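Bear in mind these aren't lab numbers, they're just calculated from the coordinates by the rules spelled out. Here the structure is a predicted model, which means the values were calculated and not measured. When we count neighbours, we look across all protein chains shown, and the Cβ atoms used for this are built from the backbone with ideal geometry, even at glycine.
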Amino acid sequence: MLVLDQIHTYYDRIHALKGVSLTVERGEIVTLIGSNGAGKTTTLRTISGLLKPRAGNILLEGAPIDELPAHEITRLGISQSPEGRRIFARLTVEENLEMGAFARSDKAGIRQDMARVLELFPRLRERLHQRGGTLSGGEQQMLAMGRALMSRPRLLLLDEPSMGLAPLLVEQIFQIIRNINEQGVTILLVEQNAHVALSIAHRAYVMETGAIVLAGPAADVLASPQVREAYLGG
Amino acid sequence: MTSTIRSSTSYRVRRQAATTRWVVRGLGLIGLALLVWRVVTVGLAESYPLSFWISQALNGLVLGGVYALVALGYTLVYGILLMINFAHGEVMMIGAFTGVFALQFFTALGWMSGPTTMVVLALLLIAAAGMLGSIVTGVTLERVAYRPLRGAPRLVPLISAIGASLFLQYSVLLVFGVSPRTYTRPPLLEGGFRVGDVFVPYTGVIIFVLSLLLMLALYLIVQRTKLGKAMRAVAEDKGTAALMGIDVDRVIVFTFILSAALAGAAGVMLGFHNTVVKFNSGFVPGLKAFTAAVLGGIGNIPGAMVGALLLGLIEAIGPSALGIPTEYKDIIAFSVLVIVLIFRPSGLLGEVVSEKKA
């Protein structure tokens, strides 16, 4: 479904991605793990078009998308829940969700998806007319994911959904991620919390300083001594 | 060791900043006290009749309504781009010129002396022409003078805006000359009615009501429509807005269209109010409207409305209340701005910006 082929991305002169290649197949949960600054978020931002790669190709269902602006990539069915949630703090929860569906014009479908998202995250229903900025961290994470689902994506990019959340809440969020996947949405999940990420993913990539250093089925990656030592505390 | 030195320095700096703040506030209070004293001893002592104050206040509201339309343009663009569009006054002036040419056209056609419905229709078309003239100017400015500088430091587009302002003024001077064009009021707009001792001119009522309607329309667009919500999203976070599938450039153009349309309407109304328009007609009203936007809290839509109505009132009542010649009314407006900003640096309705956000 999604193919990254030898992607090089720069921040000015800093070479942030040094030839990243990865694939995501339809229906999978693929996770990208690695320590802080390894280039995980940069990879997601390059896929969604917020950053432009200087070399390499990105293909969605075989068609190149790396030249397109971010808003057009969203229209093609890739949706992102960004790092740090990036809720529109002064918009209400409902308006945030509406923004997620900005590219769509099928009113009935949007209403249907709004109901589906509120079913997935009942907490958001209670807060529907509150400003996004007044939500707690966990609720904001739910809103960011719900908002990303509102575009009815084929591929959902999740950036650090566990960030700053209590363990119980993390478990809940990951259960929901699994549900979303079971409903047919392909997921590329970036996480620092390698253990939970590997527990729900089908396949995994490990990143270090801008390059993929290990790839394979999640169970194998979880078992690899390298990963156990570096990310799972031995 | 170093840390103690550093913290003691920052302590001293903070102490100094606090002292300065209190000195400035003290001066502000003294200024305020002088104003009040002047009003009590001079203004009230003149003993104008109540009807005089009321009609001055009505004038102020009319002018304030027009300022509000222009002030909203500053605030909308600032909200999205964090940039002061210093050419906004000129956007209004060009709308006023387009309006006066439309007026001449309809006068030549004989519509302005025709039956009432024809005159009203002509007036609406004149307003639409003014808005269109301003929209073309505003959108061109965004494309030519601001968009290429989108990634540049914030000072750069500001200088570009000042350049654009001068460019527009002197282009109009070059093409149309120094002599003003006249907004000839049709007989329908002349005159007015009396409420007790207060004379209310028709133009004033029409201008004020139209301003309010346009402000209401803007409010509904920004709060209720999809594009309005997208404007607010883009104002908060352009990158995330793009992730939603929002074409950020298109939303910015839409913002310039809205603010220019309001300015164009204001230009035509100001034309009928002052009866003349020339190349520099946008400069002072633009500056006043900018002041109003800052007074209310720049970037804040209700703030621009409140600030502008307040400024209009102060300018209309101020000179008589203080017992000074009307020519000095600008001093009052800007003094009020300074005093308000001393006590509320982010304006009357502006959000208090934390150090981190600033």
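Assorted remarks:
- The fewest-to-most ranking of B:195, B:234 by surrounding Cβ atoms within 10 Å reads B:195, B:234.
- Gyration tensor verdict on segment A:85-152 (Cα atoms; rounded if a/c is under 1.5, prolate if a/b is larger than b/c, oblate otherwise): prolate
- On the beta carbon distance between residue B:117 and residue B:223, with R0 = 30 Å, the FRET formula returns roughly 0.35.
- Cα lying deepest toward the dipole's positive end in chain B, options B:103, B:319, B:23, charges on Cβ: B:23
- Point-charge dipole on Cβ atoms (K/R +1, D/E -1) for chain A, about Cα centre, debye to 20: 480
- In segment B:147-275, taking the dipole from charged Cβ atoms about the Cα centre, the farthest positive-side position among B:216, B:165, B:253 is held by B:253.
- The sum of -39500 (n - 2.57) across all DSSP H runs of n ≥ 4, divided by the residue count of chain A, sets its helix-only mean residue ellipticity at 222 nm to -11000 deg cm²/dmol.
- The angle between the Cα long axis of helix A:137-149 and the main principal axis of chain A comes to about 90°, on a 0 to 90 degree scale.
- Here the Karplus relation 6.51 cos²θ - 1.76 cosθ + 1.60, evaluated at θ = phi - 60°, turns the backbone of segment B:85-92 into coupling constants of 7, 5, 8, 5, x, 6, 4, 5 Hz, with x for every Gly and Pro.
- Extreme residue, positive dipole direction of the protein assembly as shown, given options B:33, A:109, B:338 (C-beta unit charges): B:33
- Converting phi to 3J(HN,Hα) with the Karplus coefficients 6.51, -1.76 and 1.60 and the offset θ = phi - 60°, segment A:81-89 yields 9, x, 4, x, 6, 6, 5, 6, 5 Hz in sequence order, with x at every glycine or proline.
- Once exposed loop GluC sites (Glu not before Pro) are cut out (DSSP; at most 14 other Cβ, 10 Å), longest piece of chain B: B:1-189
- Charge dipole of segment B:143-241 (Cα centre as origin; +1 on each Lys and Arg Cβ, -1 on each Asp and Glu Cβ, all else neutral): 500 debye, rounded to the nearest 20.
- Phi angles of segment B:201-207 translate, via the Karplus equation with coefficients 6.51, -1.76, 1.60 and θ = phi - 60°, into HN-Hα couplings of x, 4, 4, x, 4, 4, 4 Hz per residue; Gly and Pro are given as x.
- Cα long-axis angle, helix A:167-182 against chain A (0 to 90 degrees, to the nearest 10): 90
- Three-way shape label, the protein assembly as shown, alpha-carbon gyration tensor, a/c 1.5: prolate
- Chain B: calculated mean residue ellipticity at 222 nm from DSSP helix runs of at least 4, using -39500 (n - 2.57): -25000 deg cm²/dmol
- Summary of the geometry: segment B:172-198 and segment A:201-234, compared by the centres of their Cα atoms, lie 77 Å apart.
- Inter-site label distance for residue B:195 and residue B:30 at 7 Å from Cα along Cβ, in nm: 4.2
- Residues in segment A:81-113 reached by a label modelled at residue B:237 [backbone nitrogen below 15 Å; 7 Å Cα→Cβ]: A:81-101
- Over segment B:136-209 - Rg/Rh using Cα atoms and the Kirkwood inverse-distance radius: 1.24
- Less than 5 angstrom separates the built amide H of residue A:66 from those of A:58, all sequence-distant by 5 or more or on a different chain.
- Rounded to the nearest 20, the size of the Cβ-charge dipole of chain B about its Cα centre is 1180 debye, with Lys and Arg at +1 and Asp and Glu at -1.
- Using a cutoff of 8 angstrom between alpha carbon atoms and counting only pairs six or more residues apart, the relative contact order for chain B works out to 33 percent.
- Between the amide H of residue A:19 and those of A:7, A:8, A:9, distances stay under 5 Å, these residues lying 5 or more places away or on another chain, with hydrogens modeled in the peptide plane.
- Rg to Rh quotient for chain A, alpha carbon positions, Kirkwood Rh: 0.96
- Extension gain for residue B:209-residue B:44 works out to 56.3 nm (0.36 nm per residue, less the C-alpha to C-alpha distance).
- If you take the alpha carbon atoms of chain B and fit the smallest convex hull around them, that volume is 162 Å³ per residue.
- Spatially proximal lysines relative to residue B:329 (Cα-Cα < 29 Å; intrachain offsets below 8 disregarded): B:278, B:288
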